[in-house]
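The values are calculated or read from the model by the stated rules, or taken from the named source; none is laboratory data. Treat the numbers as computed from the prediction; the structure is a model and nothing was measured. Heads up, the Cβs are rebuilt from the backbone with ideal geometry, glycines too, and the neighbour counts pull from every protein chain shown.
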Amino acid sequence: MTTHTTTSSGLDAARERLWAALGERDEEAAAAAVLDARDAGTPVEEVLLDVIGSVQARLGRAWAAGRISVAQEHAATAIQDRLVAALARRTPPSPRTRPARPGGDGTVPQRVTVACVDGEWHALPARLLAEVLSGRGFLVDYLGAHVPTPHLIAHLHQTGADVVALSSTLPVRLPTAHAAVTAVQAIGIPVIVGGAAFGPDGRYARLLGADGWAPDARAAASLLAGGLRRPEGARTGPGQGLPHLLDQEYTLVTRTRAQLTRDVLEGLEAKVPAMAAYTEEQRERTAEDIAHIVDFLAASLYTDDAELFTGFLTWTAEVLRVRGVPSGALSAALDLLSDVQHDFPRAQTHLAAGRRALAHVPAPQASGLHA
Amino acid sequence: MTVFEHESGRSRVTPTVAGTSWLCSPHPALVADRQGGVVEFNDAAADLFPEMGVGSWLDEVVPAWLADAHRRLARPPRTRSAEASVRTGRPSLRGSHEGRLLRAHPTESGHGDVAWWLVDDSDLTAAQEALRAEQERTALLAEASTQLLSSLNPDRCLEKAALLAAAHLADAALVISPPVRNRYGVVTAVGERVTGLQVAMDPTAVPGLAEALQGFPPVPARWIDPAELPEWAVPEGIEGPPGSVSITSLPGHGVPAGVLILLRRSGRSAFDASEELFARLFAARAGAALSAARMYAEQARITRALIAELLPPQLHHVHGVDFAGGYRTSQETERIGGDFYDVHAGADADQESLAVLGDVCGKGLDAAVLTGRIRSTLHALLPLADDHQNVLKLLNGALMTARHTRFATLVLASVRRAGGRVRLRLTSAGHPGPLILRTTGEVEEADTSGTLVGALAEVTSRSATVHLAPGETCLLYTDGITEARGGPLGSVMFGEERLRAALAECVGLPAEAVVERMQMIAGHWVGSGPHDDMAVVAITAPHTTHLSAVNGHTRGRYTV
């Protein structure tokens, strides 16, 4: 496709330079790493995805492995965001032919709106996609992080976009993403989704009825270039809904989130003597962790997929393990959740799956989450 | 078993069992023998088949479909299976006779004769046909309405109308919009392809077009001679002159929404009366949807123009200092509210820049309008910004003499970079004190206080001077953040302590990252619950010389 030959070692070098610069919070050096790669002939798309995007993924892994702090990750992300902007401003308009909108006469370029779902603050993946699409000749409206669905819909009415690309990283946003997907389709515009929230195989994208799913920005660009059919307005027939939600378990868990969190917190305090010595802040952090578990349980009930829950638990246990925090409290929290939700058969199934998954994670001793 | 539809009480009736009463039946009935000779028939059958007589051959007196059916039944290839089928009931036959639709029910008499009961089905069939057509049309109209109403974007709505018309009404459809500066938007659909173009034309050149565009005089769909259609109106894919062309006005909300031109290829049948009615119903829906979309677009355009000045500005790097702002309105459907912020850059790097963040009592549009006035007033007072007290006094005076009774709190921050450090003069007017994040992770509140503006005749305030070392941040925020209710245990106020703790984790972060983090933490705290307007501004002394090419501009957040 491209005549340019970027050696993988060239990309490696650019990545290492960028990684080092971000570690020093040296914005100038970071920009130099990126712009030098571009000036050396690396296509902008490769700089965006294989340098900036790749380093961003490494940042996430480094955080999960406990090698960098949240603040460091945040600072690096802020610099990365500016690098994308700098790169975009210094890149001449794409000479390629513009992908035409489907159903037209081939002369009108396709207009894509890129946005993160409401409550989603990880904007960089969507930002990278927006730049990749611009580079490939699409007309792109990038709305950024955390876009309330009413704003998205108003924007679509005003611009007449041909297609929407929605990004979400956290699976707990799936119900919100579902509402956004449905709302956009209801005004006759197809939606493709991407991001870790939709599962590594895109299974939740299919579940929520998205018109397409892409594992990465290049795949998303190809998918869009193929042209997506517009959904036929509001669909009200059966099949649109999720029948397993009829049991109301998701609704009830979501509605009683604060009470469930309090019940589990008090239960933990009774079970784990060390928690009596917790400061108010430690107690609140523990409550936040419990609320997070409840949120993931709710998301797994929404998708009716216990793997969503077990995946989160094993990941959390691993994050805790590398930080030297025993994950025994996780199992204890599941037991307590199970006690207070005995009327919810689906929740019971998911909690049991969670306990089984945690049994495989080494957990030295039962203790508080933030002991 | 043979069941008589109109005499459901009797399940199996043969002429011999029923005696002669069948002869008086209003339904035609006849009995024929195995060879097809008529044995007996009633008066109704005689009316239907005037040539029928006892002994006449069915072939000569009844329609062929009935005679054939009798032959198959009376002399079947395999007698047993035929008997079985007669006994277990045969589906009734249908056929026409002199424009009537007849249903024929055979009944086996037992010794080779077959009795035929005939029911005139014409009216029922016609009614069923009409019902089916009507149901299809209703379903189609419902579907069309759904599709037409789904988008409030006029261009998409025009395309939809053209595509639906081309799919269900004609081979090609054109939707012509009312003119803008003598140019007419024409959207053409052929099959599933849709194209748009602008045409400068004289509508009176096409018979009926000018009237249809005006919606007056009110005429129903009009048929024109296809030869009179101008070149621009004959789309690709329709070879040669079309067979038939109709022009229909699209009635909008009081004013015409445009014109629908339907084209059928020559060789295809022209529109019949029911299709014409359907076209009219479709036109009514398309016109209403187009009007709604145009009205929404116009209102949205006006709103955009009016609120442009009320939207929170994009903040960036000014004279060696990083500024970043973030805003979340209390109502998700709105983009403006009672909180506001601005940064007015100094004339040069030696002059102070003025940052301001404030909160008008109340929320929503009314509060937003007042934020606009305050921002304009402060802009006008910029030359006096050396003296915060004076600025606040003048602002207070302006607010006191205005018609409204709202008041506001705000913070003024005059910012100048001096060497590697940033000097801030901060003055609070009834507003939460700015927080200063030190490189040590300590968080201090600036020692400034004052009365709010717009409520009392006299205002007083006390300023504080603060210096920021590289990497340090001054955070201005509104009480929407600290008073946000939520948290893991629900309904707990976020409070200043949590804000300070959250800020303490932001040591060394650039201004945008601080703002984003504060917004994210507050956003997680409230979850999906209700909250007030929330605004934050971070003023940060950068670590290093700023990358001028990057300039801190970032696209995003509702910028189009």
_Number of the exception - A:Tyr278 against (1) touching a helix residue (DSSP H, G or I) at 6+ places or on another chain (Cβ under 6 Å); (2) under 22 Å from B:His524 (Cβ atoms)_ = (1)
_Within region A:158-171, take every residue that is at pLDDT 95 or above and under 26 Å from B:Glu334 (Cβ atoms) and give me the one that is farthest from the chain's Cα centre (by Cα)._
A:Val164
*Taking region B:396-450 as the region of interest, how many residues are acidic (Asp, Glu) and either more than 27 Å from B:Gly508 (Cβ to Cβ) or not assigned by TED's automatic domain parsing to the domain that holds B:Val536 (or both)?*
0
*B:Asp202 versus (1) surrounded by fewer than 15 Cβ atoms within 10 Å (Cβ to Cβ); (2) within 14 Å of chain A (Cβ to nearest Cβ): which is the lone unmet condition?*
(2)
*Top-ranked residue in region B:329-343 [being buried (at least 24 other Cβ atoms within 10 Å of the Cβ) and touching a strand residue (DSSP E or B) at 6+ places or on another chain (Cβ under 7 Å); ranked as modelled with the lowest pLDDT]*: B:Gly338
*Going by the conditions given, is B:Leu489 closer than 23 Å to A:Ile290 by Cα, part of a loop (DSSP other than H, G, I, E, B), within 12 Å of chain A (Cβ to nearest Cβ) and in contact with a helix residue (DSSP H, G or I) (Cβ under 8 Å, 6 or more places away or on another chain)?*
yes
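Considering region A:126-149 alone, what residues qualify as being on the phi > 0 side of the Ramachandran plot and more than 10 Å from chain B (Cβ to nearest Cβ)? I'd like the intermediate steps shown before the answer.
Initial filter on region A:126-149 (on the phi > 0 side of the Ramachandran plot): A:137, A:144, A:146.
Selection gives A:Gly137 alone.
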*Residue count, region B:422-443 (criterion: polar (S, T, N, Q) and in contact with a strand residue (DSSP E or B) (Cβ under 6 Å, 6 or more places away or on another chain))*: 2
*What are the residues in region B:281-298 that are among the hydroxyl-bearing types (Ser, Thr, Tyr) and in contact with a Gly (Cβ under 6 Å, 6 or more places away or on another chain), if any?*
B:Ser291
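Could we say that A:Ala14 is among the aliphatic types (A, V, I, L, M) and either surrounded by fewer than 19 Cβ atoms within 10 Å (Cβ to Cβ) or away from chain B (no Cβ under 14 Å) (or both) here?
Numbers: among the aliphatic types (A, V, I, L, M): yes; either surrounded by fewer than 19 Cβ atoms within 10 Å (Cβ to Cβ) or away from chain B (no Cβ under 14 Å) (or both): yes.
Against the criterion (among the aliphatic types (A, V, I, L, M) and either surrounded by fewer than 19 Cβ atoms within 10 Å (Cβ to Cβ) or away from chain B (no Cβ under 14 Å) (or both)), A:Ala14 qualifies.
Scanning for something within 10 Å of chain A (Cβ to nearest Cβ), among the aliphatic types (A, V, I, L, M) and assigned to a loop (DSSP other than H, G, I, E, B), does region B:218-227 turn up at least one residue? Explain how you work it out, then say what you get.
So in region B:218-227, the residues within 10 Å of chain A (Cβ to nearest Cβ) come out as none.
No, the conditions are met nowhere in region B:218-227.
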*Please go through region B:236-255 and pick out each residue that is buried (at least 23 other Cβ atoms within 10 Å of the Cβ) and either in a loop (DSSP other than H, G, I, E, B) or free of Cβ contacts under 8 Å to residues at least 24 places away in the same chain (or both).*
B:Pro242, B:Val245
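Filter region A:112-123 down to the residues that are within 11 Å of another protein chain (Cβ to nearest Cβ) and in contact with a helix residue (DSSP H, G or I) (Cβ under 7 Å, 6 or more places away or on another chain) and list them by number.
We begin by selecting, within region A:112-123, every residue within 11 Å of another protein chain (Cβ to nearest Cβ); these are A:113-116, A:118-123.
Answer for region A:112-123, where residues must be within 11 Å of another protein chain (Cβ to nearest Cβ) and in contact with a helix residue (DSSP H, G or I) (Cβ under 7 Å, 6 or more places away or on another chain): A:Thr113, A:Val114, A:Ala115, A:Cys116, A:Asp118, A:Gly119, A:Glu120, A:Trp121.
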*Per-region count, region A:265-283, residues within 9 Å of chain B (Cβ to nearest Cβ) and buried (at least 20 other Cβ atoms within 10 Å of the Cβ)*: 1
*Considering residues of region A:57-99 that are of a type in the set (D, E, K, R) and more than 8 Å from every other protein chain (Cβ to nearest Cβ) only, the residue surrounded by the most Cβ atoms within 10 Å (Cβ to Cβ)*: A:Glu73
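For region B:256-282, what are the residues that are part of a helix (DSSP H, G or I) and either among the basic types (Lys, Arg) or within 27 Å of the chain's Cα centre (by Cα) (or both)? Give the derivation first.
First, the residues of region B:256-282 that are part of a helix (DSSP H, G or I): B:273-282.
B:Leu277, B:Phe278, B:Ala279, B:Arg280, B:Leu281, B:Phe282, listed by residue number.
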*In this structure, is A:Asp295 assigned to a helix (DSSP H, G or I) and in contact with an Asp or Glu (Cβ under 9 Å, 6 or more places away or on another chain)?*
no
*Which listed residue is touching a strand residue (DSSP E or B) at 6+ places or on another chain (Cβ under 6 Å) and not charged (D, E, K, R), from B:Val194, B:Val180, B:Val175*: B:Val175
*What pairs can you find where one residue is in region B:258-281 and without any contact (Cβ under 8 Å) to a residue 12 or more places away in the chain, the other is of a type outside the set (A, V, I, L, M, F, W, C), and their Cβ atoms are less than 9 Å apart, with a gap of 6+ or different chains?*
B:Ser269/B:Gly243; B:Ser269/B:Ser244; B:Leu277/B:Arg137
*region B:178-204 residues that are basic (Lys, Arg), paired with ones that are assigned to a strand (DSSP E or B) (beta carbon under 8 Å, 6 or more apart)*: B:Arg183/B:Gln198; B:Arg183/B:Val199; B:Arg183/B:Ala200
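For A:Arg203, state whether it is within 12 Å of chain B (Cβ to nearest Cβ) and farther than 30 Å from B:Gly495 by Cβ. Quick ask: steps written out before the conclusion?
Numbers: within 12 Å of chain B (Cβ to nearest Cβ): no; farther than 30 Å from B:Gly495 by Cβ: yes.
No; evaluated as a whole, the condition is false for this residue.
Using the structure shown, decide if A:Thr169 is outside the structural domain of A:Val253 (by TED's automatic domain parsing), in contact with a His (Cβ under 8 Å, 6 or more places away or on another chain) and touching a residue at least 40 places away in the same chain (Cβ under 8 Å).
Details: outside the structural domain of A:Val253 (by TED's automatic domain parsing): yes; in contact with a His (Cβ under 8 Å, 6 or more places away or on another chain): yes; touching a residue at least 40 places away in the same chain (Cβ under 8 Å): yes.
The answer is yes for A:Thr169.
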*Does B:Ser353 satisfy the condition of being polar (S, T, N, Q), in contact (Cβ under 8 Å) with a residue 60 or more places away in the chain, in the same structural domain as B:Ala522 (by TED's automatic domain parsing) and closer than 25 Å to A:Thr149 by Cβ?*
no
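Conditions tested, residue by residue: (1) modelled with pLDDT of 90 or more; (2) in the same structural domain as B:Gly95 (by TED's automatic domain parsing); (3) out of contact with any helix residue (DSSP H, G or I) (no Cβ under 8 Å at 6 or more places or on another chain).
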residue: B:Trp22; (1), (2), (3): no, yes, no
residue: B:Pro26; (1), (2), (3): no, yes, no
residue: B:Val31; (1), (2), (3): yes, yes, no
residue: B:Phe49; (1), (2), (3): yes, yes, no
residue: B:Gly55; (1), (2), (3): no, yes, yes
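Please enumerate the residues belonging to region B:425-438 that are buried (at least 24 other Cβ atoms within 10 Å of the Cβ) and part of a strand (DSSP E or B).
Of the residues in region B:425-438, the ones buried (at least 24 other Cβ atoms within 10 Å of the Cβ) are B:426-429, B:431, B:434, B:437.
Residues satisfying the conditions are B:Leu426, B:Thr427, B:Ser428, B:Ala429, B:Leu437.
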